[in-house]
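Colleague: The structure is given below, and queries will be raised subsequently.
The values are calculated or read from the model by the stated rules, or taken from the named source; none is laboratory data. Note that the structure is predicted; figures quoted are calculated from it, not measured. Using ideal geometry, Cβ is built from the backbone for each residue, glycine included, and neighbour counts are taken over all protein chains shown.
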Amino acid sequence: MSRELPKQYDPASVEEEIYSRWISRKAFAASPDDREERYVIMMPLPNVTGALHMGHAMDNVMQDLLTRWHRMRGDNTLWMAGTDHAGIATQAVVEKRLLELEGKTRHDIGREKLVERIWEWKDQYQKRIVSQQQSMGCSCDWDRQRFTMDSVCERAVRRTFFNMFSDGLIYRGNRLVNWDCHLQTAVSDDEIYHEKVAGHFWHIRYPVIDPQPGEPEFVTVATTRPETMLGDTAVACHPDPGGSLDELLARTRENLAEAADRDREGIEEQLAGLEARRESHLPTLQKLTEMASAGRMVMLPLLDRPIPLVCDEWAKPELGSGCVKITPAHDPNDYEVWGRHKDEIDIINILETDGSLAKSAGSYAGLDRYEARKKVVADLDELGLLEAVEEREVEVGHSDRSKTPAEPFLSRQWFVLMGDTPDGVVCGRGTAREFRTPGLAQAAIDAVEGDWKSASGRKLVFHPDAVRYGSTYVNWLAEKRDWCISRQLWWGHQIPIWSVEVEAADLSSRVDQLGALLGRDDVCVRVGSAGGSSQLLTAGADTDAISGKFDEETLELMVCPLGDEGGAELQAELGELGFERAPDVLDTWFSSGIWPHSTLGWPDPATARVEDGQSPLGSIDGNEDCLSYYYPGSCLVTGRDIISLWVARMALMGLYNIGDLPFTDVFIHATILDGKGERMSKSKGNGIDPVDIIERYGADAMRYVVCELQTGMQDIRLPVQAISPFSGNTVDLAAAKHGSSIFTYICPESGKEFDVLGTMEDVPAAKLVSDRFEVGRNFCNKLLNAARFALMNLEGVSFEPRELEDLAVEDRWLLSRLALAIEAVDEQLESYSPAAAISLAREFFWSELCDWYLEFIKPRMRGAEKAPLARQVLAVALDQVLRLLHPFVPFITEFLWERLGEEAPERGIGDRLGVPELLVHAPWPQAATGWRDQDLEKRFELLQEIIRAIRDIRSKNEIPLADKLPVRIRADESRREQLEPLADLLVHMGVLESLEIAGDVERTADSAVAVVRDVDIYIPGAIDMEKERARLLKQRDQLSGRVEGAKKKLANENFVSKASPDVVERERERLIELEAELDKVEANLCSLD
């Protein structure tokens, strides 16, 4: 052989060179051609906020596995790479650095300068992210890489917004949103997480105005946020407190009647409490209901503002005082109450965007919300209106971006209408896929549920559990909550609306000023109200009639240009008319939602402006453009946490813009946790950088373990160790002691402190790793050494067309097992079961090829006559193993492929195999017709069991491996015919001096005995007689127990009647085999006597 392989695999010396070769050869490039079969994966966009972690590694490895597999299957395969601008997260990171390093805020440097800083950050971290992905072996088409704010994606965002605005699906209105006071922006419900914190229930008395005899002087309400009382506009009581309590009592009595004994005591206590409450509270609650119906008022303490009592079922008679304060501008439930009582109660916002109190809070204006809380409580106490204070754990919503408590906040925001509309929504307008749906959310729901299919016959299916993950998707969409798409940030796609407030009476004259704009196809003009309703304005529209539809004195005139062509001139014209551009930017998920088609050049690939050196998106050489060819795509690989944030939005945006789904399969992979079961995160100090794993173990070792761990829906625990900067040894963080903070630990050897975040200047940083990846490194070494042995024995190998009957029996067995492995690996990858797939591939390589076949052929390799055929089959076996393993461990297989090509440039059995220079382009293994031979496999299975039994006897009796053994096998004629053609293999593998197979073989008293099915194996002179008797007695007892168990099972009428006939028949066959084996053991015991 030309170059001998090393004995130890060194990934550092291989991986960079291999990847550079792939890149230089454009091995991952994808372009439309005449192939019908295509496979498209759109990468879940990593945020340009920083480096990737092991969760990204899981995501990327799963995508690369599927991409490489389909590429090798011959599909036209595109894995679209890219990064997300991640508006809130990225701006927050850069603002934090600006404050830490320069002591400045964004307002100190202005919008333009801050955006410049963020672009610099993006360029730096995008390069780092791509470097990490390439070190993992990601085979994306890097010449098509997109960024959600590049010119291609920006144009698609503008067109989508324009279309939705024109269709009346985007509106601006006052709505209750989640507000991040730290970042001063709205955040979505899906970006809120809840944590329990130590808090209080404050019980506050609201004086009744002019109480009449028999009426209470106060109404008591409870709150966890007493400062919000300054925005109260009502107190609610139940419209039928007696009926509500009686209904609850009846349900509780029913529960008690049906309860198990262990639950009765708790339910009895609930029942007693409700009965007592009915006696103590109901008269007062009924009186308050009467007062509310009569329009009575209470006085809001501290601000002395009269507010009404209202009847609403949100008040629960069984809880607290039975009454609740209503603060519509700062509580989502109270907001709904306001929606039901708009004619009776007001809505008052008491917060500024920074969390301080507004002028509407009276004397508390200007105070921070938490300072205001303390002062409100103190003032109430001083007035004698603080009835009680309870210490409670309170669940508080936090912004996932800033990790600070979020506030429900009444704000004027931009929304996408998700619910059904009277006339429905046209999807895929102007395309062959056009269809009408009741609403955007319903269109996305129909993609998963019901009989609806897209124009191309597609539905959306989740893996590995269609029901569980499909329910997550549908349940979120079914709420049909309008999507808040505006964010009060500077980084992102600025909302393309220019607007001006106009008096309703002046609408006609202001519209006339717009002149020719109203007749342009690339400009949309609407007039709207603060409530969110709007009307499209076209040339010649009756503005007086339109303004009459709005019951408001002030309206908003809004202009949305389609694009930036002539933008400066148009903006100047609008500016002269008093129009101002909306300062907000779009929610990141808006641009991410159109990622599957924006990246392909929608709405017009031919005119999409790609960057220098990038692949064009339009038609080339008469082939289809990228959008027509690659959309709809195939599969999305992602985590379950963004099913609603991203998967649902891509589905509805793809349906709206294109009329078809962006993909048909959604593969939800497991979540990676640390050794304590906590989700990995850099901010927690338990997040592992994949590059640290790669540097220590190699990319393939990491990929191997990640694939092996992806067994289904169960989350993955990775024990985390730190490499001590002092000793260089690993420290288990689950057992290590913390240092001065939760992000520092003490090195047990040196006693010194190290930092796992790398943010403390005076404390040395430690890299985080996991010894779980040692398994992957061992596998790579095993593969290297198996290939090393094979290549050492391939010198002089050549290809000669062979028929199956020309092959040795062990060759045919190996090819049969290879055919089964190929079929099984394909089946598991089709069902998104990477762990099962790699297990099957490993089993063939490790067990059947290495442990058995390589040993089988050693005698043939020493003979000039038999060696050429053995070499030819071995070369094919190694070829097929490398192909089979390549999607899982691409670097080492590509490395070995090159060496195999040097030794065996031509290889095959009946026909030559396609052998491209790069394994990444090699066809996926396909078993030749006739390779599979199940009867032969059964014979070899028996042979292997006999060899293991002989080895077991040798081991138990401490017989040296060098000592050749005489072996006698008693078998009937059928077994003899199965075994005799394999006799040479048995002699070689068992290290035998002689072998006799017959039906009348006798056992000598000193023979060691093994029973394999209905075959007796005797090894004369091998045993200590007493030890053998004890072993056989133990085996007899075990078999007797199994026989009795099988008999009882078959005697059980329930089993025989309920189990399937196949199961019952298998159990009967098993009993027959066990009884035969027991008879053999009994006979062997008798022979000892």
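Colleague: Does at least one position in segment 423-441 carry a residue that is touching a residue at least 60 places away in the same chain (Cβ under 8 Å) and under 22 Å from Glu191 (Cα atoms)?
Modeller: The answer is yes; a qualifying residue exists.
Colleague: Something else now. Those residues that are crowded, with 22+ Cβ neighbours inside 10 Å and assigned to a helix (DSSP H, G or I), I need them from segment 80-91; list them, please.
Modeller: Passing the criteria: Gly87, Ile88, Thr90, Gln91.
Colleague: Mind listing whichever residues of segment 1001-1010 are under 17 Å from Ser955 (Cα atoms) and surrounded by fewer than 21 Cβ atoms within 10 Å (Cβ to Cβ)? Give the steps one after another, and end with the answer.
Modeller: Step one: of segment 1001-1010, the residues under 17 Å from Ser955 (Cα atoms) are 1006-1010.
The answer is Asp1006, and nothing else.
Colleague: Going through Asp806, Asp811, Asp826 one at a time, which residue ends up being at pLDDT 95 or above and over 37 Å from the mean Cα position of the chain (by Cα)?
Modeller: Asp811
Colleague: When segment 529-584 is examined, which residues are found to be among the basic types (Lys, Arg) and surrounded by fewer than 15 Cβ atoms within 10 Å (Cβ to Cβ)? Break it down stepwise before answering.
Modeller: Within segment 529-584, the first condition is being among the basic types (Lys, Arg), and the residues that meet it are 549, 581.
Across segment 529-584, the qualifying residue is only Lys549.
Colleague: Run down Phe743, Phe799 and say which single residue is over 30 Å from Ala835 (Cβ atoms), touching an Asp or Glu at 6+ places or on another chain (Cβ under 8 Å) and modelled with pLDDT of 90 or more.
Modeller: Phe799 is the lone residue from the list that is over 30 Å from Ala835 (Cβ atoms), touching an Asp or Glu at 6+ places or on another chain (Cβ under 8 Å) and modelled with pLDDT of 90 or more.
Colleague: Here's something else I'd like to know. Could you figure out which of (1) part of a helix (DSSP H, G or I); (2) in contact with a Ser or Thr (Cβ under 9 Å, 6 or more places away or on another chain); (3) under 29 Å from Lys7 (Cβ atoms) isn't true of Glu937?
Modeller: (3)
Table: residues versus (1) touching a residue at least 60 places away in the same chain (Cβ under 8 Å); (2) closer than 13 Å to Cys138 by Cβ; (3) outside the structural domain of Val915 (by TED's automatic domain parsing); (4) in contact with a Ser or Thr (Cβ under 9 Å, 6 or more places away or on another chain).
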position: Ala27; (1), (2), (3), (4): yes, yes, yes, yes
position: Arg35; (1), (2), (3), (4): no, no, yes, no
position: Ile41; (1), (2), (3), (4): yes, yes, yes, yes
position: Pro46; (1), (2), (3), (4): yes, yes, yes, yes
position: Thr49; (1), (2), (3), (4): yes, no, yes, yes
position: Val61; (1), (2), (3), (4): yes, yes, yes, no
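Colleague: OK, next. When you scan segment 539-630 for helices (runs of 4 or more DSSP H) that lie fully inside it, which ones turn up with 2 or more residues that are in the same structural domain as Glu503 (by TED's automatic domain parsing) and not β-branched (Val, Ile, Thr)?
Modeller: Output list reads 543-548, 567-576.
Colleague: From Ala156, Ala186, grab the single residue that is out of contact with any strand residue (DSSP E or B) (no Cβ under 9 Å at 6 or more places or on another chain), aliphatic (A, V, I, L, M) and not in a loop (DSSP other than H, G, I, E, B).
Modeller: Ala156
Colleague: Tell me the residue from Asp141, Asp108, Asp123 that is of a type in the set (Asp, Glu) and surrounded by 18 or more Cβ atoms within 10 Å (Cβ to Cβ), please.
Modeller: It is Asp141.
Colleague: Here's another thing I want to ask about it. Quick one: which residue in Val525, Val461, Val448 is surrounded by fewer than 19 Cβ atoms within 10 Å (Cβ to Cβ) and among the aliphatic types (A, V, I, L, M)?
Modeller: It is Val461.
Colleague: With the condition being in contact with an Asp or Glu (Cβ under 6 Å, 6 or more places away or on another chain), I'd like the strands (runs of 3 or more DSSP E) fully within segment 396-440 carrying at least 1 qualifying residues. Steps first, please.
Modeller: Working: elements: 406-416, 425-427, 435-437.
It comes to 406-416.
Colleague: Another question about this same structure. Please determine, by comparing only the residues of segment 1021-1035 that are buried (at least 16 other Cβ atoms within 10 Å of the Cβ) and not aliphatic (A, V, I, L, M), which one is nearest to Leu1088 (Cα to Cα).
Modeller: Result: Glu1028.
Colleague: Ok, one more. Would you say Leu66 is within 30 Å of Val115 (Cβ to Cβ) and either assigned to a loop (DSSP other than H, G, I, E, B) or at pLDDT 95 or above (or both)?
Modeller: Spelling it out, it is not the case that Leu66 is within 30 Å of Val115 (Cβ to Cβ) and either assigned to a loop (DSSP other than H, G, I, E, B) or at pLDDT 95 or above (or both).
Colleague: For the condition in the same structural domain as Gln880 (by TED's automatic domain parsing), more than 30 Å from Pro868 (Cα to Cα) and surrounded by fewer than 16 Cβ atoms within 10 Å (Cβ to Cβ), what is the one hit in Glu827, Glu823?
Modeller: Going through Glu827, Glu823 in turn, just one is in the same structural domain as Gln880 (by TED's automatic domain parsing), more than 30 Å from Pro868 (Cα to Cα) and surrounded by fewer than 16 Cβ atoms within 10 Å (Cβ to Cβ): Glu827.
Colleague: Still on this structure, please answer the following. Suppose we filter segment 992-1024 for residues that are outside any strand (DSSP E or B), hydrophobic (A, V, I, L, M, F, W, C) and closer than 21 Å to Glu941 by Cβ; how many remain?
Modeller: The first filter runs over segment 992-1024 and keeps only residues outside any strand (DSSP E or B), leaving 999-1007, 1013-1014, 1020-1024.
If we keep only those that are hydrophobic (A, V, I, L, M, F, W, C) as well, we get 1001, 1005, 1022-1023.
Applying the additional criterion that residues be closer than 21 Å to Glu941 by Cβ yields none.
Counting residues in segment 992-1024 that are outside any strand (DSSP E or B), hydrophobic (A, V, I, L, M, F, W, C) and closer than 21 Å to Glu941 by Cβ gives 0.
Colleague: Please go through segment 1019-1047 and give me each residue that is basic (Lys, Arg) and in contact with a helix residue (DSSP H, G or I) (Cβ under 9 Å, 6 or more places away or on another chain), ordered by number.
Modeller: Within segment 1019-1047, the subset basic (Lys, Arg) is 1027, 1029, 1031, 1034, 1036, 1042, 1047.
Answer for segment 1019-1047, where residues must be basic (Lys, Arg) and in contact with a helix residue (DSSP H, G or I) (Cβ under 9 Å, 6 or more places away or on another chain): Lys1027, Arg1029, Arg1031, Arg1036, Arg1042, Lys1047.
Colleague: (1) modelled with pLDDT under 95; (2) not in a loop (DSSP other than H, G, I, E, B): which one isn't true of Gly531, the others all being true?
Modeller: With respect to (1) modelled with pLDDT under 95; (2) not in a loop (DSSP other than H, G, I, E, B), Gly531 is out only on (2).
Colleague: Given the criteria assigned by TED's automatic domain parsing to the domain that holds Glu1069 and within 26 Å of Gln934 (Cβ to Cβ), does Arg1003 qualify?
Modeller: No: the conditions fail for Arg1003.
Colleague: Of the residues Asp354, Asp381, only one is farther than 22 Å from Tyr206 by Cβ and not polar (S, T, N, Q); which? Let's see the steps before the verdict.
Modeller: Numbers: Asp381 fails: farther than 22 Å from Tyr206 by Cβ.
It is Asp354.
Colleague: How many residues are in a helix (DSSP H, G or I), under 43 Å from the mean Cα position of the chain (by Cα) and crowded, with 17+ Cβ neighbours inside 10 Å if we restrict to segment 847-890?
Modeller: Matching residues across segment 847-890 total 20.
Colleague: From the list Ile959, Ile953, Ile969, pick out the single residue that is modelled with pLDDT of 95 or more and among the β-branched types (Val, Ile, Thr).
Modeller: Ile969
Colleague: If you take the residues in segment 612-651 that are surrounded by fewer than 15 Cβ atoms within 10 Å (Cβ to Cβ) and among the charged types (D, E, K, R), which one is nearest to Ala478 (Cα to Cα)?
Modeller: The extreme case among them is Asp641.
Colleague: Then there's this: Given the structure, is Glu215 surrounded by 14 or more Cβ atoms within 10 Å (Cβ to Cβ) and either at pLDDT below 90 or not in a helix (DSSP H, G or I) (or both)?
Modeller: The answer is yes for Glu215.
Colleague: Looking at segment 371-380, which of the residues that are of a type outside the set (A, V, I, L, M) and surrounded by 14 or more Cβ atoms within 10 Å (Cβ to Cβ) is farthest from Asp304 (Cα to Cα)? Write out each step before concluding.
Modeller: Filtering segment 371-380 for residues of a type outside the set (A, V, I, L, M) gives 371, 373-375, 379.
Right, trim to surrounded by 14 or more Cβ atoms within 10 Å (Cβ to Cβ) and you get 371, 373, 375, 379.
Values: Glu371: 21, Arg373: 18, Lys375: 16, Asp379: 13 Å.
Within segment 371-380, the match that is farthest from Asp304 (Cα to Cα) is Glu371.
Colleague: Right, next: Residues in segment 808-818: is at least one surrounded by fewer than 21 Cβ atoms within 10 Å (Cβ to Cβ), in contact with a Lys or Arg (Cβ under 8 Å, 6 or more places away or on another chain) and part of a helix (DSSP H, G or I)?
Modeller: no
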